Amino acid sequence: MSWATKRKLIYFLIVAGVLLAAVSVPLWRFFNKPPTCSDGKQNQSERGIDCGGTCSLACKEDVSPLVIEWSRAFKVEDGTYDVVAFVENQNGTYGVEKAIYHFKIYDKDNILIAEKFGKTYVKEREKFAVFETGIKTGKRIPQRVFFEFAPDMSWEKVSAKSLNISTKDKVIIDIDSRPRLNVTIVNESFSPVKNLDIVAILYDINDNALSVSSTNISSMEKNSSKEISFTWKEPFLVNPNRIEIIPRTNPFSSE
């Protein structure tokens, strides 16, 4: 073999090697991608496909459904009602960023007189109230309220934010005319709290929900307190025996 032929062969091998590397490196990277929680495969320490283990998304078999303890309508004034569902999340790690719900309100003849869709969040291991206000029913009187969440909710691990909210000085005034509940909210957390939703539930002597109201505090500094009020347009049918205050913040919010 002549020197010229050898030189051409060397050039050819160099070019072929470069081309082979240019093709094989992307192919190797394509077929050897590091496992992720969105690759459609059960790898890493996942319990299912892209769920459980190191993935934030929960597998369906790892979560318990939300427990709806009760759902009721409360009269605001003639033809206008608030509807409330009291719900428990028994999952200690997982929550839902967007839970779609549906209220259906029926009269004594089991006729659907109103319905309401909405969305809320679900924190890990909590009891909370889903509250919709100002439902118009015309001349029909609610007798039964049906409440449900949309199926196939996306459960994920919640990065719990430290929330230490307490209440004190719960006092009801003007109970025989337009009742007002005054409550002092105390933020004992180590950081400010924003967009604090607060629901007040009043119970009768048999621990049945008597009436409900809600309010919101846009922000509270750490180690601070605020007095808030819940109001009703009409007197209660019976005097409240117990008051439950439920403060909530959205753990999925960036605020």
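Summary table below
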{"quantity": "Angle in degrees between helix 3-31 and the longest Cα principal axis of the chain, rounded to the nearest 10", "calculated": "10"}
{"quantity": "Full-stretch length increase - ASP176, LEU237 - with 0.36 nm per residue and alpha-carbon distance subtracted", "calculated": "21.0 nm"}
{"quantity": "Additional length obtainable on full extension of the chain from PHE146 to LYS226, 0.36 nm per residue less Cα span", "calculated": "25.3 nm"}
{"quantity": "Mean ellipticity per residue at 222 nm, deg cm²/dmol - from DSSP H runs of n ≥ 4 across the chain, formula -39500 (n - 2.57)", "calculated": "-4000 deg cm²/dmol"}
{"quantity": "Gain upon complete extension [LYS41, ASP107; 0.36 nm per residue less C-alpha separation]", "calculated": "18.8 nm"}
{"quantity": "Entries in LYS157/LYS222; LYS98/LYS168; LYS98/LYS136; LYS98/LYS139; LYS116/LYS233 that, when Cα-Cα distance is taken, lie over 24 Å", "calculated": "LYS157/LYS222; LYS98/LYS168; LYS98/LYS136; LYS98/LYS139"}
{"quantity": "Dipole magnitude (debye, nearest 20) for the chain, charges at Cβ of Lys, Arg, Asp, Glu", "calculated": "1380"}
{"quantity": "Cα centre as origin, Lys/Arg/Asp/Glu Cβ charges: the range 36-149 dipole, Debye", "calculated": "380"}
{"quantity": "Solvent-accessible heavy-atom area per residue, rounded to whole Å², over the chain at 1.4 Å", "calculated": "61"}
{"quantity": "Carbon and sulfur %, accessible surface of the range 208-255 computed with the full protein complex present, 1.4 Å", "calculated": "40"}
{"quantity": "For the chain: rounded, prolate or oblate by the Cα gyration tensor [a/c cutoff 1.5]", "calculated": "prolate"}
{"quantity": "Whether the range 142-255 is rounded, prolate or oblate, judged on the alpha carbon gyration tensor where a/c under 1.5 counts as rounded", "calculated": "oblate"}
{"quantity": "Relative contact order computed over the chain (Cα-Cα under 8 Å; 6+ residues apart), in percent", "calculated": "15"}
{"quantity": "Three-way shape call for the range 34-183 based on the alpha-carbon gyration tensor, with the a/c threshold at 1.5", "calculated": "oblate"}
{"quantity": "By accessible area with a 1.4 Å probe, ligands and nucleic acids excluded, highest first: order of GLU115, GLU46, GLU221", "calculated": "GLU221, GLU115, GLU46"}
{"quantity": "Top positive-direction residue, dipole computed over the chain with Cβ charges, set PHE236, GLN90, SER166", "calculated": "GLN90"}
{"quantity": "Point-charge dipole on Cβ atoms (K/R +1, D/E -1) for the range 128-180, about Cα centre, debye to 20", "calculated": "220"}
{"quantity": "Euclidean distance of C-alpha centroids, the range 73-87 and the range 120-157, integer Å", "calculated": "12"}
{"quantity": "Relative contact order (%) - criterion: Cα under 8 Å, at least six apart; region: the range 59-105", "calculated": "36"}
{"quantity": "Inter-probe distance in nm under a simple model that places probes 7 Å from Cα toward Cβ, at SER159 and ASP78", "calculated": "5.4"}
{"quantity": "Leading residue at positive end of dipole, the chain (Cβ point charges), from VAL193, TRP155, ASN110", "calculated": "TRP155"}
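The values are calculated or read from the model by the stated rules, or taken from the named source; none is laboratory data. Just so it is clear, the model here is predicted, and its values are computed rather than measured. Note that we place each Cβ from the backbone using ideal geometry, even for glycine, and neighbour counts take in every protein chain shown. With ligands, DNA and RNA removed, areas are computed over all heavy atoms of the protein, side chains included. Shrake-Rupley method; radii C 1.70, N 1.55, O 1.52, S 1.80 Å.
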